[in-house]
Amino acid sequence: MARGALLALVATAAILAGCSTPPVLSTPPLPTGWKTVDYHGVGVDVPGTWTVEPWRANCGVSTPTVYIGPEGESYLNCPLYTPGGAEVVLGSLPFTGTSAPAQPGNINGLPSLVVSDREHVECGPGNGVMFRDWVTLPTKGLSISVWVAESTTCPGGAPGRTDQIVQTIHVVS
């Protein structure tokens, strides 16, 4: 009986050890014409033509831009806010609103919490909907916001582009 209990204990420990194995980190293939932008060991891939610059408070962008944080809290009076261009912030403030629940997940082996939101924008003929995802990577102490329109009439916009960019988040060595 003692031997059976010992075997059961060893089997349970082996199963639990298998469950606690950290996920395998992976790097997705870089889409043709895209580039990797990294910040504190985390990379995100974006189209190669997008501007990359240090984070600064702004009232929206008209050309696709990647801001490298850390993002600071700012209170701007933006009478001409233009959310028409795609914007990615590496080092963004984490999402603190209550309108949408955070969805736990795993992006290329990185544990993540993702909050998604939408906003109607006017950015030319056809107008469109911008999707914004806030991705928090708890093990890296980092948040990333990705805000891109579904319409190609908006600078940097394309159907599914927000999710496409989010799915490229990976560890950079």
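The values are calculated or read from the model by the stated rules, or taken from the named source; none is laboratory data. Remember, predicted model here, so these are calculated numbers, not experimental data. Here the Cβ positions follow ideal geometry from the backbone for every residue, glycine too, while neighbour counts run over all protein chains shown.
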Can you confirm whether the range 145-155 contains a residue that is over 22 Å from W55 (Cα atoms), surrounded by fewer than 23 Cβ atoms within 10 Å (Cβ to Cβ) and not polar (S, T, N, Q)?
yes
How about the range 131-144: which of its residues are surrounded by 17 or more Cβ atoms within 10 Å (Cβ to Cβ) and out of contact with any Ser or Thr (no Cβ under 8 Å at 6 or more places or on another chain)?
K140
Output the qualifying pairs, or none if there are none: Cβ atoms under 8 angstrom, residues six or more apart or on different chains, first residue in the range 98-122 and farther than 26 Å from V61 by Cβ and part of a loop (DSSP other than H, G, I, E, B), second residue modelled with pLDDT of 80 or more and aliphatic (A, V, I, L, M).
P101/V115; N108/L25; N108/I169; N108/V171; G109/V24; G109/L25; G109/V171
Determine whether the range 164-172 contains at least one residue that is touching a residue at least 24 places away in the same chain (Cβ under 8 Å), within 23 Å of V37 (Cβ to Cβ) and surrounded by fewer than 14 Cβ atoms within 10 Å (Cβ to Cβ).
yes
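Every residue, every condition in (1) out of contact with any strand residue (DSSP E or B) (no Cβ under 8 Å at 6 or more places or on another chain); (2) surrounded by 14 or more Cβ atoms within 10 Å (Cβ to Cβ); (3) over 17 Å from Q164 (Cβ atoms); (4) modelled with pLDDT of 70 or more, yes or no:
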position: A5; (1), (2), (3), (4): yes, no, yes, no
position: A14; (1), (2), (3), (4): yes, no, yes, no
position: P22; (1), (2), (3), (4): yes, no, yes, no
position: Y39; (1), (2), (3), (4): no, yes, yes, yes
position: V46; (1), (2), (3), (4): no, yes, no, yes
position: E53; (1), (2), (3), (4): no, no, yes, yes
position: S62; (1), (2), (3), (4): yes, no, yes, yes
position: Y81; (1), (2), (3), (4): yes, no, yes, no
Can you name every residue in the range 115-130 that is crowded, with 17+ Cβ neighbours inside 10 Å and either modelled with pLDDT of 80 or more or in contact with a Lys or Arg (Cβ under 8 Å, 6 or more places away or on another chain) (or both)?
V115, S116, M130
Going by the conditions given, is V66 surrounded by 14 or more Cβ atoms within 10 Å (Cβ to Cβ), of a type outside the set (K, R), at pLDDT below 85 and touching a strand residue (DSSP E or B) at 6+ places or on another chain (Cβ under 8 Å)?
no
Note down all Cβ pairs under 6 Å where the first residue falls in the range 137-155 and is in a strand (DSSP E or B), the second is of a type in the set (F, W, Y), and they're at least six residues apart or on different chains.
S145/W134
Hey, any hits in the range 152-162 for a residue that's within 12 Å of the chain's Cα centre (by Cα) and at pLDDT 90 or above?
yes
Do we have S112 as closer than 20 Å to T36 by Cβ, of a type in the set (G, A, S), under 17 Å from the mean Cα position of the chain (by Cα) and at pLDDT below 90 here?
no
